[in-house]
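Visitor: Structure in structure tokens, see below.
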Amino acid sequence: MKTWQAAEAKQNFAKLVEAASSEPQAVMRHSECVGIVLSPEHYRALKAQADAQFARFLLSSPLSEDDFDSGLGMSLSSGG
């Protein structure tokens, strides 16, 4: 992963975005990573993976829908 100093990233924003199309780019300030720039495709893939992992976590719960407060007006089976 390429790293950019924050000032360099600001001055070369178009280049940073272009580089992010091929791989994530780290933005550093005082030797600390303060941000990651990635392509929309990479973001969507990571989000889909996280959503799937969270869904598996919820489905593996020993709790049933009856264990939740029905006063919230939401159902686990209806999606909200």
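Nothing in this text is a laboratory measurement; each read-out follows from the coordinates by a stated rule. Owing to the predicted nature of the structure, the values given are computational and were not obtained by experimental measurement. All Cβ positions, even for glycine, are placed from backbone atoms using ideal geometry, and neighbour counts span all protein chains on display.
Visitor: Quick one: 3J(HN,Hα) in Hz for region 9-21, Karplus 6.51/-1.76/1.60 with θ = phi - 60°, rounded, Gly and Pro as x.
Guide: 4, 5, 6, 10, 4, 4, 5, 4, 5, 4, 5, 5, 5
Visitor: Another one. Report the gain in length on full extension from His30 to Ala55: 0.36 nm times residue separation, minus Cα-Cα distance, nm rounded to one decimal. Don't skip to the answer; put the middle values down first.
Guide: Working: separation 25, 0.36 × 25 = 9.00 nm, distance 3.76 nm.
Gain in length upon complete extension: 5.2 nm.
Visitor: With a point put 7 Å past each Cα toward its Cβ, work out how far Leu38 is from Asn12 in nm, to one decimal.
Guide: It works out to 2.2 nm between the two label points.
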